[in-house]
Amino acid sequence: MGDKLGHKKLAKPLYVEIRIRADMEWVWELSQNPEAHPRWDLRFSRIIPVDRDEQGQVRFRYEFLLPLHTIKGTGTSLGHRHREDGQATSVLKFDTADWLSPIGPGSGYWRYIPTDDGLRFITGYNYQPGMGIIGKALDSTVIRPALGWATAISFDRLRLWAESDLDPKAARNRWFLDAGARAGGVLVAAGLFRRAVTKHSVGSAALGMVAALASTAVPSHWSVPRAGRCLRSAPDERAARALSALAGLREPDQPGNIRQSAEKE
């Protein structure tokens, strides 16, 4: 995936797919518009277009806000909205020199595959681990699973926005409320079980069981985004195959040129 990645052995690419029952044009707008994209995608806080060349390739800068630091990087992308097979596609290359970024240079693609009631929205991407030795050590066990989860829950936020006009910020807040309620239920259940053991209380044990089941088995409301609504492995070979357009996509600006790109904007 890209010239910078070809000479290094990488882990298996991340894959996420979700079904969206909405119009293709609307999903394309929400995912390709640099102002709308960061609203639902947890992996970006800001996307700032720099310029577009004669082939339609867009250079951009991106930011990810941490509590005390902002990770910055550069990228290039190219979208094809109208293809002969009815699909829409987009390819991307990205890079950063920020040592605190868990991901380094990488590339990926989006596929928009029409269905009878909407579309399949798919991404596949890979990257070199960032953060030096620490990043390499944590990539397979912590960072890559976390990125897969973040991508999947982001896709479900996009689905809720496209299908039900539920603002991604509202969906995020509902996720926190749901998670908090479930965590509280688990703590209550633990307290009741402890009381049941120390006081030999059958009633506390029964209440603890009810609290535990309510916290873990009751389904979330439809408006709460869930990563589990996404496929995490490709159902067919074509969906998992990187797009050929990646080969012709220009490399991102060198991370040291981010400031220069900003000044030219």
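Of the residues Asp178, Asp236, which single one is of a type in the set (Asp, Glu) and modelled with pLDDT under 90?
Unique residue meeting the criteria: Asp236.
Do we find that Gly118 is in contact (Cβ under 8 Å) with a residue 24 or more places away in the chain and over 22 Å from Leu246 (Cβ atoms) in this structure?
yes
Can you give me the number of residues within the range 14-61 that are within 16 Å of Leu249 (Cβ to Cβ) and not in a helix (DSSP H, G or I)?
The total comes to 12.
State the number of residues belonging to the range 77-97 that are outside any loop (DSSP other than H, G, I, E, B) and either touching a residue at least 60 places away in the same chain (Cβ under 8 Å) or closer than 25 Å to Lys12 by Cβ (or both). First the steps, then the outcome.
In the first step, residues of the range 77-97 are kept if they are outside any loop (DSSP other than H, G, I, E, B); the result is 77-80, 88-95.
Adding the requirement that they be either touching a residue at least 60 places away in the same chain (Cβ under 8 Å) or closer than 25 Å to Lys12 by Cβ (or both) leaves 77-78, 80, 88-95.
Total meeting the criteria: 11.
Among the residues of the range 112-138, what is the count of those that are closer than 16 Å to Ala162 by Cβ and under 17 Å from the mean Cα position of the chain (by Cα)? Full working, then the answer.
In the first step, residues of the range 112-138 are kept if they are closer than 16 Å to Ala162 by Cβ; the result is 112-115, 117-123.
Checking which are under 17 Å from the mean Cα position of the chain (by Cα) leaves us with 112, 120-123.
Of the residues in the range 112-138, 5 are closer than 16 Å to Ala162 by Cβ and under 17 Å from the mean Cα position of the chain (by Cα).
Filter the range 89-107 down to the residues that are of a type in the set (A, V, I, L, M), surrounded by fewer than 23 Cβ atoms within 10 Å (Cβ to Cβ) and closer than 20 Å to Ala146 by Cα and list them by number.
Leu100, the sole residue that qualifies.
Answer yes if at least one residue in the range 130-146 is in contact with a helix residue (DSSP H, G or I) (Cβ under 8 Å, 6 or more places away or on another chain) and touching a residue at least 40 places away in the same chain (Cβ under 8 Å), and no otherwise.
yes
Select from the range 98-120 the residues that are of a type in the set (Gly, Ala, Ser) and in a strand (DSSP E or B) and write down the one among them that is farthest from Arg43 (Cα to Cα).
In the first step, residues of the range 98-120 are kept if they are of a type in the set (Gly, Ala, Ser); the result is 101, 104, 106-108, 118.
Add one more test, that the residue is in a strand (DSSP E or B), and what stays is 104, 106-108, 118.
Working: Gly104: 13, Gly106: 14, Ser107: 14, Gly108: 14, Gly118: 25 Å.
Across the range 98-120, the extreme among qualifying residues is Gly118.
Residue under question is Ala150, and the condition is that it be in a helix (DSSP H, G or I), at pLDDT 90 or above and in the same structural domain as Gly118 (by TED's automatic domain parsing); does it hold?
Details: in a helix (DSSP H, G or I): yes; at pLDDT 90 or above: yes; in the same structural domain as Gly118 (by TED's automatic domain parsing): yes.
Answer is yes for this residue.
Report whether or not Gly208 is farther than 15 Å from Arg39 by Cβ, surrounded by fewer than 16 Cβ atoms within 10 Å (Cβ to Cβ) and outside the structural domain of Trp28 (by TED's automatic domain parsing).
It is false that Gly208 is farther than 15 Å from Arg39 by Cβ, surrounded by fewer than 16 Cβ atoms within 10 Å (Cβ to Cβ) and outside the structural domain of Trp28 (by TED's automatic domain parsing).
Within the range 121-136, track down each residue that is part of a strand (DSSP E or B) and farther than 22 Å from Gln32 by Cβ.
If we filter the range 121-136 for residues that are part of a strand (DSSP E or B), which is where we start, we get 121-129.
Passing the criteria: Gln128, Pro129.
In the range 191-223, how many are over 36 Å from the mean Cα position of the chain (by Cα) and in a helix (DSSP H, G or I)?
Residues meeting the conditions: 14.
Is the range 60-78 home to any residue that is assigned by TED's automatic domain parsing to the domain that holds Ala162, surrounded by fewer than 13 Cβ atoms within 10 Å (Cβ to Cβ) and closer than 22 Å to Arg159 by Cα?
Looking for residues that are assigned by TED's automatic domain parsing to the domain that holds Ala162, surrounded by fewer than 13 Cβ atoms within 10 Å (Cβ to Cβ) and closer than 22 Å to Arg159 by Cα, one finds none in the range 60-78, hence no.
The values are calculated or read from the model by the stated rules, or taken from the named source; none is laboratory data. Owing to the predicted nature of the structure, the values given are computational and were not obtained by experimental measurement. Backbone-built Cβ (ideal geometry, glycine too); neighbour counts: all protein chains shown.
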